[in-house]
Amino acid sequence: MEKLIDGKLISKALIEEISRETKEFVAKGGKKPHLAAILVGNDGASETYVNSKIKMCLEVGFDSSVIRCTSTITEEQLLKKIEKLNTNPDIDGFIVQLPLPRHVSELKVIEAINPQKDVDGFHPANIGRMALNLPSYLPATPFGIYQMLEKSGIETEGKNCVVIGRSHIVGSPISILLARNSNPGNCTVTLCHSKTQNLKEICSRADILIAALGKPEFITKEYIKKGAIVIDVGIHRVQDSSSPKGYLIKGDVKFDEVEPLVSKISPVPGGVGPMTIVALLKNTLLAAQKKVYAY
Ligand code: NAD
């Protein structure tokens, strides 16, 4: 049995699937999906993320637009731009790339987005629908993990799943998803965080361990039950003078030490990372097909 959960391979297959489905949808007279991204300021990382999202849109046959704003934009002006996208029938879904300048409230911005176009899945309406097991746009990273489990044929029903980290974008939503009555899902989930006591002991009982605590190589062999499935969400640049770039990309899991004990593990890089962009594309296609809020 293949031990490595290859996020690159799974995401490639999913991208081809989205591309094919888009072609079929358009051929039958459907609207070509259109994703817009609002980019505020000129933060290098945000610019890179938006560019790669736009590039992927092209690859699967979507239209895309970037709305650039200076970092001095007021909250009110930004909310007006959101309202324009909310009411523009040509835009099926849009995202506001985070983080935003300190003078703009992220919560206000997220709440201003029409939930039916909220393809990042951050709006409380979508989080609520997710919790109620209703159709919703799932946030990218949890959706990526979910699809990773599904496509790897991992049986989750009845399993003890431990999630480390309770952020709104990763830990909390994946814990909700895996506890739902669905497949993947039906796990007995324990959500751990910075105030959790006996973390090692809790983790060492996990059939499925999802590490999203944001601490490089924190999870060592003492945290692992033999034969467990480990999903490593962390991404860190760790200085390494012997590598050509001067750094290595590491996860939250000490891979070399943990890998011999597990039945399956997602690597970093090449695990959860490549899956997240697929989630945004999938949500945009669902938005164009009007499949989520279909009532
Ligand atoms: P965050 O900092 O918002 O949340 C970390 C969570 O871990 C918090 O809830 C905190 O309570 C918990 N935590 C911290 N230290 C802990 C400890 N010692 N014991 C138990 N719990 C502890 O982080 P985030 O945004 O959820 O991201 C987590 C990691 O995942 C980061 O490394 C981030 O870079 C990475 N990430 C990867 C992707 C991807 O696409 N692969 C996407 C998002 C985030």
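Observations, loosely collected:
- Conditions (1) within 15 Å of residue 229 (Cα to Cα); (2) crowded, with 20+ Cβ neighbours inside 10 Å; (3) away from the ligand (no atom under 16 Å from the Cβ); (4) within 16 Å of the chain's Cα centre (by Cα): number failed by residue 126: (1)
- Filter result for residue 26 (surrounded by 14 or more Cβ atoms within 10 Å (Cβ to Cβ) and either in contact with a Pro (Cβ under 6 Å, 6 or more places away or on another chain) or without any contact (Cβ under 8 Å) to a residue 60 or more places away in the chain (or both)): yes
- Screening residue 197 against (1) surrounded by fewer than 17 Cβ atoms within 10 Å (Cβ to Cβ); (2) more than 14 Å from the ligand (Cβ to nearest atom) leaves a single unmet condition, (2).
- One residue from 84, 53, 8 being within 21 Å of residue 136 (Cα to Cα) and outside the structural domain of residue 259 (by TED's automatic domain parsing): 53
- Here 171, 185 are screened, and the one residue that is within 10 Å of the ligand (Cβ to nearest atom) and under 15 Å from residue 144 (Cα atoms) is 171.
- Within segment 219-242, if we keep just the residues that are closer than 16 Å to residue 262 by Cβ, among the hydrophobic types (A, V, I, L, M, F, W, C) and within 11 Å of the ligand (Cβ to nearest atom), the residue that is surrounded by the fewest Cβ atoms within 10 Å (Cβ to Cβ) turns out to be 219.
- Residue 50 vs. criteria out of contact with any helix residue (DSSP H, G or I) (no Cβ under 8 Å at 6 or more places or on another chain) and in contact (Cβ under 8 Å) with a residue 12 or more places away in the chain: yes
- Candidate set: segment 239-265, residues that are assigned to a loop (DSSP other than H, G, I, E, B) and more than 20 Å from residue 205 (Cβ to Cβ); chosen: the one modelled with the highest pLDDT: 251
The values are calculated or read from the model by the stated rules, or taken from the named source; none is laboratory data. Because the structure is a prediction, the values reported are computed rather than measured. Backbone-built Cβ (ideal geometry, glycine too); neighbour counts: all protein chains shown.
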